[in-house]
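Note sheet for the following structure.
What follows draws every value from the coordinates through simple rules; no lab data is involved. Since the structure is predicted, the reported quantities are computational estimates derived from the model, not experimental observations. Cβ placement follows ideal geometry from the backbone for every residue including glycine, while neighbour counts extend to all protein chains displayed.
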Amino acid sequence: MSPDRLARSLVAPAPGWTTRADAVVVGSGIAGLTAALELRARVPHVLLVTKGALSSGSTVWAQGGIAAVLHPDDTPEAHLHDTLEAGGGLSDPEAAEVLVTEGPQRVHELVARGASFDRADDGGIALTREGGHRADRIAHAGGDATGAEISRALVAQIEAVRHDPGIEVISNALVLDVLTGAPDAAGERPVAGVTLHVRGEGSRDGVGAALAPVVVLATGGVGQVFRSTTNPPGATADGIAAALRAGAVLGDLEFVQFHPTVLWLGAGARGQLPLISEAVRGEGALLLDVNGHRFMPDVHPMAELAPRDVVAHAIVRQMAATSADHVLLDARALGADFLRRRFPGITARLADHGIDWTEEPVPVAPAQHYHSGGVVTDLHGRSSVPGLYAVGEVACTGVHGANRLASNSLLEGLVFAHRAAADVVARFETGELATAPEPVERPGGAALVAAAARSRIQRMTSEGAGPIRTAESLARADTALAEVTTSAHGDVGVVAAPQVAEWETTNIHQVARALVRAAAVRTESRGGHFRADFPDRDPAWERRVTVALEDDGTLTAG
C-alpha cells in the first residue's frame, strides 16, 4: 500500500465458520445492550457480540451520571440551550432536541429495567450539577458509580433472556471487518455482516463470519489512540476503523474531549488513568495551580464549572505558565464525610495511590476522555452504508458538535440506540431488510500493523493532536504515521502475524491518521479542537469536516 492510502480490510485468515442473524449488535455498553434488548423478540434473531465479558463495556467506567430533565423546575429547552452552547455552534439542533425531549422517558425506562439511582430525601431521583449545566439534572448511582450500575442492570436483562432463541451472545469476540455486498444501482455497498475473531468459544474459536443485513456498531471510543486516556484498554477504535474501511463517512474526528481532571501519576504514566469526576467540581471543588492560585475565575464566568474544553485548555496554559506538569484539585472544603459518602469509588482509587483527598489536594492534568466524532449518522442511527448503524460514542449524531456537554454521553447512547432499534424493526416489517446480500471482496488492500508500533503511534498522535495543536505538530504526526509499516511482510521477513494485538493496533493507526488529517483541515479553534496557530473561532468553519476512503484507499478529508 502507498503511504498515502489506507487499507480497506484487515489481514486475517479466511472465516472458518459461519453463522447467520437478522441483526448483529457489536458492543456491550449502554448503547449496545439497549439496542439488543430493544431488537430482541421484534426481529427474528439478534446476535450480540462483545469484545470481552458482557459487563466489560466502557459504560461501566462512567462516574458522574446521566443528564436528563427529571426535575419539575427544569425544562428540555434549558437542557437544549446548555447542549448547544457546549457544542460550540456545531451541534445539530434537531439531534440535540431529540436527545433532550426523549431523554427523560428513556431514563425512566432504564429505571424500569432495574437501574437504581441515588435518591433524594423526598424519594425522587437525586440530581446534581456538572460543568456547562445551568440546572441540577445529573442522575447518579452509588455516588460515583453510575455507569457500573447501569451496566449491571442492562447485563442482568440480557442474562435473563440469554437462552431465548431470539437472541444469541458471543463474548470475547473482536469484530474485524464489516462485510459488504456488491455495489447497488447507486454504487453503494450494502452491509452483509461482519468477520470476527472469537477466543475460547469451543467450535467458534478463531475467525468466523456472522452474516446479516443489519450491523449496529456500539463499540465505544478512541481512547487508546492516545498515550494517556481514561478509557479502558479495549477502546481501540475498532468500530470507527471497521466502518471507515467499509466505506462509511466519518465526521467531527478532530473534536477530542480531554478530561480536565485526570489523576496525574507522573510523566511516564501510560494507558488508562483514573479520572476525577466532573461532579467533584460540581459539588464545589476548586482548581489551583502548583503555587496555590485559583485561576478559573479569571478564565470563564462559570469558573470551575465551565465546559470541559475551556477548563482543559486553561489547565494546559496554567501548567505552561508555572512550568509544571499538573495542577491541583482541592476538595477539602467539602468535608471528609461528604467526600467518602458521595464519591466512595474515587476515594478508594486515590487511596490506592497513597492520596487522601480529605487532607490534601489531588494532582491532576488533562487526558483523552471522550470523542465527539465518529460514524456520521442520521436521527435514526443510519450511516452512509446501507444497513450499517452506529450508536453511542462510535457515532457522530451531531448532538455534541465541537464539545460534549457533561453526562450527555450515556443519554445519547440510550436515546439513539432506542431510535436505531425502532428503525431496524420498522424496516424489517416492510421487508426492506429481509435478507443479507452475499459478501464480496472490496477493492483496496489489506493491512496489518505490528503491535510493537502501538506506543509510537500513540506518542505521535498525542504530540501532534493533543489538547493544543498547530499546523507543524499535525504535519509531523501525519508524516510519521504515514511511515508506519502496514504490511505483514517487510524487508526482513514477517513483521506481524494476524492476531488481536495487531488488529487492534491497525485500527488505532488508521483512526489516528484520519483524526490527524481532519484536525489539519480545520484551521480554527472550537470546542475540543484548539489550534495555537488559529486560536480564534472562525464563522467560515461552522460546518462539519468529514473523512472517508475512496475505493483505492485514498483518505479524503474536507
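Just from its helices, what would the mean residue ellipticity at 222 nm be for the chain, if runs of 4 or more DSSP H residues each count -39500 (n - 2.57) and the sum is divided by every residue, rounded to the nearest 500 deg cm²/dmol?
Working: 13 runs with 167 residues, N = 558.
-9500 deg cm²/dmol, from helical runs alone.
Step through the residues of region 346-362 one at a time and calculate ³J(HN,Hα) from phi using the Karplus curve (6.51 cos²θ - 1.76 cosθ + 1.60, θ = phi - 60°), rounding each to whole Hz and writing x for Gly and Pro.
5, 4, 5, 5, 5, 4, 4, 9, x, 10, 9, 6, 7, 10, 8, x, 9
When N counts the residues of region 75-195, how does its alpha-carbon radius of gyration compare numerically with 2.2 N^0.38 Å, as a ratio? Each step should come with its number before you reach the end.
Numbers: Rg = 19.8 Å, N = 121, 2.2 N^0.38 = 13.6 Å.
Ratio of Cα Rg to 2.2 N^0.38 Å: 1.46.
Say each of Ala53 and Phe338 gets a label point 7 Å from the Cα, pointing the same way as Cα to Cβ; how far apart are those two points in nm?
3.6
Would you indicate which of (1) 41; (2) 56; (3) 46 is the value of percent of Cα pairs over 32 Å apart derived from the coordinates of this structure?
Here the calculated entry is (1).
Check Leu10: other-chain or 5+ apart residues with amide H under 5 Å from its amide H, H built from backbone geometry?
Ala447
Which of Ala36, Gly553, Pro297 sits farthest toward the positive end of the charge dipole of the chain, with +1 on the Cβ of Lys and Arg and -1 on the Cβ of Asp and Glu?
Towards the positive end, the residue furthest out is Gly553.
Round to the nearest 10 and give me the degree value, 0 to 90, for the angle of helix 30-39's Cα axis relative to the longest principal axis of the chain.
50
Could you compute the net charge surrounding Leu253? Neighbours are other residues with a C-beta less than 11 Å from the C-beta of Leu253; K and R count +1, D and E count -1.
Working: positive: Arg513, Arg517, Arg522, Arg544; negative: Asp252, Glu254.
That sum, taken over residues with Cβ under 11 Å, equals +2.
Mean separation of Cα pairs under 8 Å and 6+ residues apart, divided by the residue count of region 446-544: what relative contact order is that in percent?
On the way: 132 pairs, mean separation 35.8, N = 99.
Once normalised by length, the contact order is 36 percent.
Order of Thr377, Thr470 from fewest to most other C-beta atoms within 10 Å?
Numbers: Thr377 27, Thr470 15.
Final ranking by Cβ density, sparse to dense: Thr470, Thr377.
Please work out whether region 144-268 counts as rounded, prolate or oblate from its C-alpha gyration tensor, where a ≥ b ≥ c are the square roots of the eigenvalues and a/c under 1.5 means rounded, while otherwise a/b larger than b/c means prolate and anything else oblate?
Values: a/c = 1.98, a/b = 1.24, b/c = 1.59.
The shape class here is oblate.
Which order do Phe428, Phe530 fall in if you start with the one that has the fewest other Cβ atoms within 10 Å? Walk me through the intermediate numbers first.
Values: Phe428 19, Phe530 22.
With the sparsest Cβ surroundings first, the list reads Phe428, Phe530.
With 10 angstrom as the radius, rank Thr219, Thr358, Thr83 by how many other C-beta atoms surround their C-beta, starting from the fewest. It would help to have the intermediate numbers written out before the result.
Values: Thr219 37, Thr358 16, Thr83 27.
Neighbour counts put them in this order, fewest first: Thr358, Thr83, Thr219.
Relative to the longest principal Cα axis of the chain, at what angle does helix 308-321 sit, 0 to 90 degrees, rounded to 10?
The two axes meet at around 60 degrees.
Relative contact order for the chain: what is it in percent, counting Cα pairs under 8 Å that are at least 6 residues apart?
Values: 1381 pairs, mean separation 125.3, N = 558.
Reported as a whole number, the value is 22 percent.
What percent do you get for the relative contact order of region 263-365 when only Cα pairs under 8 Å and 6+ apart count? The partial results should precede the final answer.
Numbers: 117 pairs, mean separation 32.5, N = 103.
Reported relative contact order: 32 percent.
Please give the direction-averaged projected area of the C-alpha convex hull for region 212-269, in square nanometres with one decimal. Working shown, then result.
Details: hull surface 21.2 nm².
Over all viewing directions, region 212-269 projects a mean Cα-hull area of 5.3 nm².
Classify region 263-365: rounded, prolate or oblate, from the alpha-carbon gyration tensor (a ≥ b ≥ c, eigenvalue square roots; a/c under 1.5 rounded; otherwise prolate if a/b is larger than b/c)? Mind dumping the intermediate values first?
Details: a/c = 1.71, a/b = 1.21, b/c = 1.41.
Oblate.
What is the angle, in °, between the Cα long axis of helix 146-160 and the longest principal axis of the Cα atoms in the chain? Nearest 10 is fine, range 0 to 90.
Between the helix axis and the principal axis of the chain, the angle is about 30 degrees.
Compute, for the chain, the length of the dipole vector about the Cα centre, with Cβ point charges of +1 (Lys, Arg) and -1 (Asp, Glu) only. Units Debye, rounded to 20.
Details: 47 positive and 67 negative charges, 186 e Å.
Roughly 900 debye, rounded to the nearest 20.
Taking region 208-281, which chymotrypsin sites (Phe, Trp or Tyr not before Pro) meet the DSSP loop condition and have no more than 14 other C-beta atoms within 10 Å?
Nothing satisfies the criteria.
So if each residue of separation counts as 0.36 nm, and I subtract the Cα-Cα distance between Asp136 and Asp533, what length gain in nm does that give?
Details: separation 397, 0.36 × 397 = 142.92 nm, distance 3.71 nm.
Residue separation times 0.36 nm, minus the Cα-Cα distance, leaves 139.2 nm.
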